[in-house]
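Chemist: Provided herewith is a single structure, encoded as structure tokens, for subsequent inquiry.
Just so you know, all these numbers are worked out from the coordinates, no wet-lab data involved. Predicted model only: the values in this text are computed from it and were never measured. Cβ placement follows ideal geometry from the backbone for every residue including glycine, while neighbour counts extend to all protein chains displayed.
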Amino acid sequence: MFTGIIKALGHVRQLQRTGGDVRLVVASDGLDWETLSIGDSISVNGVCLTAVEFSADGFAADVSVETLNVTALDDLKVGSSVNLEPALTAGQPLGGHLVSGHVDCVGTVRSRSSDARSIVLSIDIPSEYARYVARKGSVCVDGVSLTINEVSKSGFDVNIIPHTADVTTIGGFSAGTRVNIEVDMLARYLERLLDPDGNGITRTFLRANGYA
């Protein structure tokens, strides 16, 4: 599990393609790599990856064909900047929201504009995921926990404060940038509870008990 609060920026040192899979090598001087171990989970642009090797200033992880197909990691090149967050441990503050690192879909930045000192990003997502975003709800964009300001038929808007723009890759986003999207997991569980087949809490049940 993660929080969506980025701990460091890194950059792609190597991309080793073998039979469709990719060995991703990331370097960063912003994390204490000696505190991490092989097998630990690290979020890279919102994607939970397993560390398989460490160096003095970074780590390597294997990225499967499936992950490359359903995330924007396949857009990375040597030198690309990435958002990094090690897995949450007991006792750490939950500054963002609970994030699994399991990307739901890839979104595309439709537009970027200014709002005082903040950046407003309008992000389009596939229509089947629009039901999971709500005004003032949480969303994870390339590993960053953000609050949704507005929703539209094609996606949502978020405001990026100067600090977030400075310490994550989001400051460099522009129209056309592809981003990893993870919707709030609470929306997923609520959908499951509202199972239309009647195996969970249905709308009929809620109406019958005075909740709708």
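Chemist: Please grab the % of Cα pairs in the chain that end up more than 22 Å from each other.
Modeler: In whole percent, the share of Cα-Cα pairs in the chain beyond 22 Å is 52.
Chemist: Taking 0.36 nm per residue of sequence separation and subtracting the Cα-Cα distance, how much length would be gained by fully extending the chain between Y129 and N149, in nm to one decimal?
Modeler: That pair, Y129 and N149, stretches by 5.5 nm at full extension.
Chemist: Among V103, G79, V141, whose Cα projects farthest towards the positive end of the dipole of the range 26-150, with charges put on the beta-carbon of Lys, Arg (+1) and Asp, Glu (-1)?
Modeler: It is V141, whose Cα lies furthest towards the positive end.
Chemist: When the Cα centres of the range 14-40 and the range 118-174 are compared, how far apart do they sit, in Å?
Modeler: 27 Å
Chemist: While we're here: Net charge within 13 Å of I161 by Cβ-Cβ distance, Lys/Arg positive one each and Asp/Glu negative one each, not counting I161 itself?
Modeler: Surrounding charge for I161 is -1.
Chemist: Counting pairs of alpha carbon atoms under 8 Å apart in space and at least six apart in sequence, what relative contact order in percent does the chain give?
Modeler: Relative contact order, the chain: 22 percent.
Chemist: So, by mean Cβ neighbours within 10 angstrom, what's the order for 45-54, 135-144, 156-165 with the highest one leading?
Modeler: Descending mean neighbour count gives 135-144, 45-54, 156-165.
Chemist: Further question on the same structure: GNM on the chain, C-alpha springs below 10 Å: top fluctuator among V151, V99, V82?
Modeler: V151
Chemist: Efficiency by 1/(1 + (r/R0)^6): what FRET value for H163 and L194, r their Cβ-Cβ distance, R0 = 25 Å, to the nearest 0.05?
Modeler: Values: r = 37 Å, r/R0 = 1.48.
Efficiency, rounded to the nearest 0.05: 0.10.
Chemist: For every other residue with a beta carbon closer than 14 angstrom to the beta carbon of S43, add +1 if it is Lys or Arg and -1 if Asp or Glu, then tell me the sum.
Modeler: Combined, the nearby Lys, Arg, Asp and Glu give -3.
Chemist: Right, here's the next one. Report the equivalent ellipsoid semi-axes for the range 128-183 in whole Å, largest first, defined as the square roots of five times the eigenvalues of the gyration tensor built from alpha carbon atoms.
Modeler: Numbers: eigenvalues 72, 30, 21 Å².
The three semi-axes for the range 128-183 are 19, 12, 10 Å.
Chemist: While we're on this one: Which residues in the range 58-92 have a backbone N closer than 12 Å to a point placed 7 Å from the Cα of D40 along the Cα-to-Cβ line?
Modeler: 58-60, 85-89
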